[in-house]
Each structure stands twice: as structure tokens, then as C-alpha cells.
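Report on one structure; see the data block that follows.
Nothing in this text is a laboratory measurement; each read-out follows from the coordinates by a stated rule. Note that this is a predicted model, so its numbers are computed, not measured. Cβ: placed from backbone, ideal geometry, glycine included. Neighbour counts: every protein chain shown.
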Amino acid sequence: MRIDSSVAAVVTGGASGLGLGTVRALRAAGVKVAIFDRNPETGEKMAAETGSIFCEADVMSEESLDAAFAKARAAHGQERMLVACAGGGNAFTTIRKDKETGEIKRFPTADFARVVALNAVGTFATITRFAQGVAEAELIDGERGAVVCTASAAAQDGQMGQAAYSAGKAAIVGMTLPIARDLARYGIRINTILPGIFDTPAMAGATPAMRESLGASVLYPKRLGDAAEYASLALELIRNTYFNAESIRLDGGIRMGVR
């Protein structure tokens, strides 16, 4: 898929972190970009800074997604690229002993379901709307569109307390191939990136010592990943038409430990 001023893209979670890094890379190439995010204040600020448009969107709400896609298409026409970075997690072990009472407590099922839905269902809901819109568009160099999803290294080696997050991200990996098969007849490709430990706002609460320790756990280079490195791979997966149905780790060779 060409990456230039003749095409448009949607980036979910585009107001910060990996999503914002991707927005910057797409805009540097001239692509018209719609930032989908839940935070209007941050979203509008980043849209102004990058020359994009902001579309308030909650991937857990079908009505919100429909409105966001309608706004993006009214401004830019039919998008040809979707980079899905929206997601998140929590940290609860499956069961735990209360330090004060000694009671064994379980991970609330509703909290587990919410995280799985945010990552897997939210990503799928975004993909279906993108695919429905682009399926009848004119071919560009033999294809109609390209999707890049964001899973996590935790999909394959999640740590303690990451059962919900790992399950949600593993679901994205698991649905990549069947979605690629579903969309092939329409000339739409899909690939998934599994990032390791990246320097994103999620790391804002980490102390310098924690950041140094996390960086040291990476095989090489011994540092946290940069959003620009994620964006570089995302754009290559869009640009290279022979990439399809792949799930690719981007993690400096790290293999997550127990904790």
C-alpha cells in the first residue's frame, strides 16, 4: 500500500504512546491521519501538533466508533490504513491472599472480561468497520487496504498478574490469520505487532531504577523500545504488500520472566 498524501489512515489510541508515534510517522510521509482516542483534551492537542484530525472514540462503544469513522471519512474520504493501538490491562493474580485477613480472594471475573474485551473485542470492532468501508473502494496497486494490530510480548510469555492482559493480546494474535483469510478476497491485508517493553506513558510511574532494570532485561539493545521503532515496523507492514497474516515480535529479544 502506498504511503503518501493520496491516502488516509486511522490510528486508534493515537493520542499517546505507540499510536502517537505512528501518527507522527504517517504524517511525515504526507498521509492524512485521523486520531481515534477517548481523551478529547489530549487528542485535540496532538491532532493540532501533528496536523491530523481528532475523532473521539471508545473502542468499547459501537456508537462511538461509528461516529468516529463517519467524522474521519467526511474529512479525508475512505481511509486505506488502520493501525489499532487502543488497549490496556491490569495487574491481578488469579487468586491472592489478603495480607490483613488471610482470606484467599479471586480475580473478579468482570475485571478479567473488561480487559479481554478492551483488547480483543475493541480491536475486532474497529477492524470490521474499517473493512466494511474499504471493501468496495477502488484498488490501489492491486489492493484496497492494510491493517496493523497491536498485541504484546505478553501474549506469548505473560508475567504473574497478567492473565487478563495476556488473554486479550493473545486473542489478537489468534484472530490475525482467520481475519486475513476472511479479507483476502477484498484485497485487504492484516498483520500484528507484539511489542516488548516500550517507553510509553504507561511507564510514567516507573522510577529511574525500575526503568534501568527493565532495560537491562532486554537481550539487546539493553533499553526500552521507542515509539518510533514501533511506527517504523507498522509502516513497513503497510507498505510491503507481501506481508500478510503475520504476528511479529518487536522486543529486542526479551523473554519475559515470571514477575
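Observations, loosely collected:
- Helix 17-28 vs. the chain, principal-axis angle (Cα, 0 to 90°, nearest 10): 20
- Neighbours of ALA216, meaning other residues whose beta-carbon lies under 12 angstrom from its beta-carbon, give a summed charge of +2 when Lys and Arg score +1 and Asp and Glu score -1.
- Around the Cα centre of segment 8-250, unit charges on the Cβ atoms of Lys, Arg, Asp and Glu (plus for the first two, minus for the last two) sum to a dipole of about 400 debye.
- Rounded to the nearest 500, the helix-only mean residue ellipticity at 222 nm of the chain stands at -12500 deg cm²/dmol, with each DSSP H run of n ≥ 4 adding -39,500 (n - 2.57).
- Exposure proxy for LYS222, LYS71: other Cβ atoms within 10 Å of each Cβ, ordered fewest to most, give LYS222, LYS71.
- Between PHE107 and LEU219, the modelled labels are 2.6 nm apart [label points 7 Å from Cα along Cα→Cβ].
- Here's the picture: charge each Lys and Arg Cβ at +1 and each Asp and Glu Cβ at -1 in the chain, and of ALA117, GLY252, ALA34 the one pushed furthest to the positive end of that dipole is GLY252.
- Nearest-ten-degree value, helix 122-134 long axis tilted from longest Cα axis of the chain: 10
- Note on segment 194-259 and segment 1-61: Cα centroid distance 20 Å, given to the nearest whole angstrom.
- Net +/- balance of residues flanking THR42 in space, Cβ distance below 13 Å, scoring K and R +1, D and E -1: -3
- Among the lysines of the chain, pairs at least eight places apart or on separate chains and with Cα atoms under 30 Å apart come to 10.
- Once the Cα gyration tensor of the chain is diagonalised, semi-axes √(5λ) in Å: 31, 20, 18
- Added length on full extension, which subtracts the Cα-Cα distance from 0.36 nm per residue, MET60 to LYS45: 3.1 nm
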